[in-house]
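Visitor: Just passing along the structure, written as structure tokens.
The values are calculated or read from the model by the stated rules, or taken from the named source; none is laboratory data. Owing to the predicted nature of the structure, the values given are computational and were not obtained by experimental measurement. Note that we place each Cβ from the backbone using ideal geometry, even for glycine, and neighbour counts take in every protein chain shown. Protein only, heavy atoms only, side chains kept; ligands, DNA and RNA dropped before computing areas. Shrake-Rupley method; radii C 1.70, N 1.55, O 1.52, S 1.80 Å.
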Amino acid sequence: MASDIQGSVQAMEAEAAKVLEEARSKASDILLKAREEARSMSFAELPLDDIKAECDRMVKDAEQKAATDIQQAEKQADDIRSSAGVKTDQYTKLMVSIVRGEKTA
């Protein structure tokens, strides 16, 4: 009976060793295929059409915003220039009236 148990254990060990060897072989094949696929993916060109389209859209939006900002800045500059002219005239008249003695500072 002990020899039957010993034979069964040895048979199970042999079967386990066989299964482990098959698993190692499959794992090795899988790793090899994964490395080859990773290598081919690293050399493949990525589709950049979507990225370029998004980039172009962002540039267009930025240019439009810049144009709007420039128009607003020019309007503000015109407003400042016109108000500066009016204020300069007022200060000039005030200084002349002070020099003439019509008004005091």
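Visitor: May I ask you to list the residues in segment 60-81 that are open to solvent by less than 70 Å² (accessible area, probe 1.4 Å) and among the polar types (S, T, N, Q)?
Guide: Thr68
Visitor: For Glu63, are the conditions met, namely being in a helix (DSSP H, G or I), charged (D, E, K, R) and without any contact (Cβ under 8 Å) to a residue 12 or more places away in the chain?
Guide: yes
Visitor: Quick one: which residue in Ala17, Ala44 is surrounded by 10 or more Cβ atoms within 10 Å (Cβ to Cβ) and among the small types (Gly, Ala, Ser)?
Guide: Ala17
Visitor: Quick one: which residue in Lys93, Lys26, Lys65 is out of contact with any Ser or Thr (no Cβ under 9 Å at 6 or more places or on another chain), among the basic types (Lys, Arg) and closer than 30 Å to Thr104 by Cα?
Guide: Lys93
Visitor: Going through segment 87-105 one residue at a time, which ones are of a type in the set (A, V, I, L, M, F, W, C) and surrounded by fewer than 10 Cβ atoms within 10 Å (Cβ to Cβ)?
Guide: If the condition is that a residue be of a type in the set (A, V, I, L, M, F, W, C) and surrounded by fewer than 10 Cβ atoms within 10 Å (Cβ to Cβ), then Val99, Ala105 are the ones that fit.
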